[in-house]
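Worksheet for the structure shown next.
Where a number appears in this text, it was derived from the coordinates with a stated rule and is not lab data. What you see is a predicted model, and the numbers here were worked out from it, not measured in a lab. Ideal geometry is used to build each Cβ from the backbone, glycine not excepted, and the neighbour counts take in all protein chains shown.
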Amino acid sequence: MWQGKHDFGDYFFAYRGPAGDNERHSHATLQVSWGFGNALRIETPAGLLVHSDPVFIRPGTPHRLLPAGCILLILIEPQSAVAQHIMAELGSESYAARRDIFDPAPFLHADLSTAMSTLATLASARVPQIDERLEQALSFLRTAPLKAGVSVAARQVGLSESRLRALARASLGVPLSKWLLWAAVGRAAGALRQGASLAEAAISGGFSDQSHYSRTLKRLTGVLPSTAKILLQ
């Protein structure tokens, strides 16, 4: 069961605890997972990855984390300095088990948000920010309805819609449409944390109905909203 400690930030979700069941999925985020010295098992299209070092998975890369004991799991939005730093270090690799990118030790016992702040400070000093126009557009789109907003955001930052989508794909590693779904999932998660029902969370996220929310969450995270509700409350 996914019943550990978690924390949300402006650009990340961090979890420390047992890894429960999940199905193959692909995030719109960069994933960092670590078994605190124990080997993690991750199913990938290329085969089973087994490693005790932190495992990094690029946005949009299919995978399934097999159930395990206490793990660290961090989902980092790709537009953030932290994700940009890590993706630059990964180069062309979709999956990598490496200990040289950052020291995971602070996540053993420290408050998750404090550990993430330390990592963010390190990354910000090393990586230039993404294109300012894309950053402004994403800020607008984070709260925009799922079926509207991209053309408006593009006009606001002086880009064509096609150019904005191309810039997002190149910088984020996933299509803008997938990032928008992740933003909607984030809004729904915020509602669940406040005690909303699954139907209310779907509305808060901007989904057409609860089934749409359920399908999207499962595709992006491998779990159903009922599991997310248990984790987030």
7 Å from Cα along Cα→Cβ at both Glu23 and Val50: what's the point-to-point distance in nm? 2.7 nm
Would you mind ranking Met116, Met87 so that the residue whose beta carbon has the fewest other beta carbons within 10 Å leads the list? Met87, Met116
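When the expected Rg is taken as 2.2 N^0.38 Å, what fraction or multiple of it is the alpha-carbon Rg of the chain? It would help to have the intermediate numbers written out before the result.
Numbers: Rg = 17.1 Å, N = 233, 2.2 N^0.38 = 17.5 Å.
Against the compact-globule rule of thumb, the ratio is 0.98.
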What ranking, highest mean first, results for peptides 34-47, 4-17 when packing means the other Cβ atoms within 10 Å averaged over each residue? 4-17, 34-47
Pop the C-beta distance of Ser208 and Cys70 into the FRET formula with R0 = 35 Å and round what comes out to the nearest 0.05. 0.40
Measure out, as a whole number of angstrom, how far apart the alpha-carbon centroids of the stretch 158-233 and the stretch 7-55 sit. 19 Å
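Normalised by the number of residues in the chain, what is the relative contact order in percent for Cα pairs under 8 Å and 6+ residues apart? It would help to have the intermediate numbers written out before the result.
Values: 397 pairs, mean separation 47.3, N = 233.
Once divided by the residue count of the chain, the mean separation gives 20 percent.
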Loop-located chymotrypsin sites (Phe, Trp or Tyr not before Pro) in the stretch 59-165 whose Cβ has at most 10 other Cβ within 10 Å (DSSP): none
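Within 10 Å of each residue's Cβ, count the other Cβ atoms and sort Ser94, Ser80 from fewest upward. The partial results should precede the final answer.
Details: Ser94 17, Ser80 22.
Final ranking by Cβ density, sparse to dense: Ser94, Ser80.
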Spatially proximal lysines relative to Lys5 (Cα-Cα < 25 Å; intrachain offsets below 8 disregarded): Lys218, Lys229
